[in-house]
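Notes to accompany the following structure.
Computed from the coordinates by the stated procedures, all read-outs in this text should not be read as laboratory data. A quick note: this is a predicted structure, and the numbers were derived from the prediction, not measured. For neighbour counting, all protein chains shown are included, and Cβ atoms are generated from backbone atoms with ideal geometry for every residue, glycine included.
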Amino acid sequence: MSTSVERYKQELRDADLRATSGRLAVLSALEESPHSTAERVYELISPTLPATSSQAVYLVLHDLTRAGLIRRFEPAGSAARYERRIGDNHHHLVCESCGAVQDVDCAVGAVPCLTPSDDAGFRVREAEVTYWGVCADCQAR
């Protein structure tokens with residue numbers, strides 16, 4: 001068995017989740033194809049799990065997000081996307097033309113975005129910044 005699968009199993013156990021074939025497949029799919037929509041995850045895993053349904057994929061994504069094993073983000077005007085990169089305060093570049101998404105670290109130092117100009121009494125745990133523009137491939141076309 002691959003080291004990735006063993007790592008996924010351990011992550012699931014640590015999160016008090018069973019290591020089902022669906023959960024393992026979703027984690028693997030997101031590792032291979034970060035920033036995927038639920039539909040894309042379904043397309044990626046259905047060849048190896050033909051009995052799965054899109055509803056089952058949504059449930060797994062929900063469980064994994066709630067357990068903190070994946071991150072969900074929703075660029076304006078787009079379906080929710082999921083990724084394995086967790087535990088940091090990174091942001092995203094989104095191409096307005098083709099929809100490509102790229103991770104980008106915080107612009108300045110260590111998590112500067114976690115200090116709003118006025119927190120209104122909130123205890124901030126995460127900031128989500130999306131940079132919109134046109135990717136290099138679309139610019140070249």
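Assigning unit charges at the beta carbon (Lys, Arg +1; Asp, Glu -1) and nothing else, what dipole magnitude in debye, to the nearest 20, does the stretch 10-120 show about its Cα centre? Provide the component values of the computation, followed by the final result.
Numbers: 10 positive and 16 negative charges, 82 e Å.
Dipole about the Cα centre, nearest 20: 400 debye.
Where (1) 47, 43, 24; (2) 92, 44, 33; (3) 47, 44, 27 are the candidate values, the label of the one calculated here for Cα extents along the principal axes in Å is (3). Extending 7 Å from Cα along the Cβ direction at residue 127 and again at residue 14 yields two label points whose distance is 2.7 nm. Among the trypsin sites (Lys or Arg not before Pro) in the stretch 10-87, those located in a DSSP loop and surrounded by at most 16 other Cβ atoms within 10 Å of their own Cβ are 18, 85. In this simple spin-label approximation, residue 62 and residue 2 carry label points 7 Å from Cα along the Cα→Cβ vector, and these lie 2.8 nm apart.
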